[in-house]
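Report on the structure given below.
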Amino acid sequence: MSTLRTEEMTLNMGPQHPSTHGVLRFVVRADGEVMREAIPDVGYLHRSIEKIAEKVGYRGFMPYTDRVDYVCAMFTNQGWGMACEKLAGIEVPKRGEYCRVIATEFNRIASHLLSVGAMAMDIGAMTPFAHVIREREMINDLIEELCGARLTFNYMRIGGVAWDLPPGWREKALAYLDHFDPILEERPEWPHGRPPRQRSPHAR
């Protein structure tokens, strides 16, 4: 009686990503349907971004950085700017630093909203996702007015930011914060599911 002989195969899985953007690759060693080993090739970027960086120079690479993490694009812009500033010994003006912090903090809130909403949806709670997307869109309105984009924000520059806050933007940002702050305190025990809101003096 003969036995069936098999041999291991080395397979390439990926590059792949839950959002199909190709940032992870596995080299898989398989014996039929049994996976013997999976070696991750992390840090893989399908856009050849490293080679692009070699061609476009320090300043020219800034708009490519926000494509690395478009959920938190302001931070990737800022990280590249800070690295270049450290290499070149450039000091960012204080107002430029303030503009950077304000922009990145709004991006951080928007990013966390998306994370929390998606997590809730993944475990079966659909309604919270609609609420957090509503708030994220309001923040995107502010960021769009600031830099002209709603996803791949390109506001940072080596040495500071592209431009100052537009006229009236400060008041709109403060009004949104007054709107957003009580939302963080929403609890089921409040009547109608939310605490009473105080109208902001900055609201239109």
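The values are calculated or read from the model by the stated rules, or taken from the named source; none is laboratory data. From a predicted model like this one, the values you see are computed outputs, not experimental measurements. For neighbour counting, all protein chains shown are included, and Cβ atoms are generated from backbone atoms with ideal geometry for every residue, glycine included. The area values use the complete protein model at the heavy-atom level, side chains included, leaving out ligands, DNA and RNA. Shrake-Rupley method; radii C 1.70, N 1.55, O 1.52, S 1.80 Å.
Some notes on this structure:
- Matching residues in the range 101-145 - criterion: being acidic (Asp, Glu) and open to solvent by less than 60 Å² (accessible area, probe 1.4 Å): Glu135
- Filter result (modelled with pLDDT of 85 or more, outside any loop (DSSP other than H, G, I, E, B), closer than 27 Å to Gly159 by Cβ and open to solvent by less than 80 Å² (accessible area, probe 1.4 Å)) within the range 8-65: Ile52, Ala53, Val56, Gly57, Gly60, Met62, Pro63, Thr65
- Test for Val68: is it surrounded by 14 or more Cβ atoms within 10 Å (Cβ to Cβ), more than 25 Å from Pro166 (Cβ to Cβ) and in contact with a Leu (Cβ under 7 Å, 6 or more places away or on another chain): no
- Among the residues making up the range 133-153, a single one is over 21 Å from Ile102 (Cβ atoms) and in contact (Cβ under 8 Å) with a residue 12 or more places away in the chain: Ile133.
- Residue count for the range 71-91 under the criterion of being in a loop (DSSP other than H, G, I, E, B) and exposed (fewer than 13 other Cβ atoms within 10 Å of the Cβ): the result is 2.
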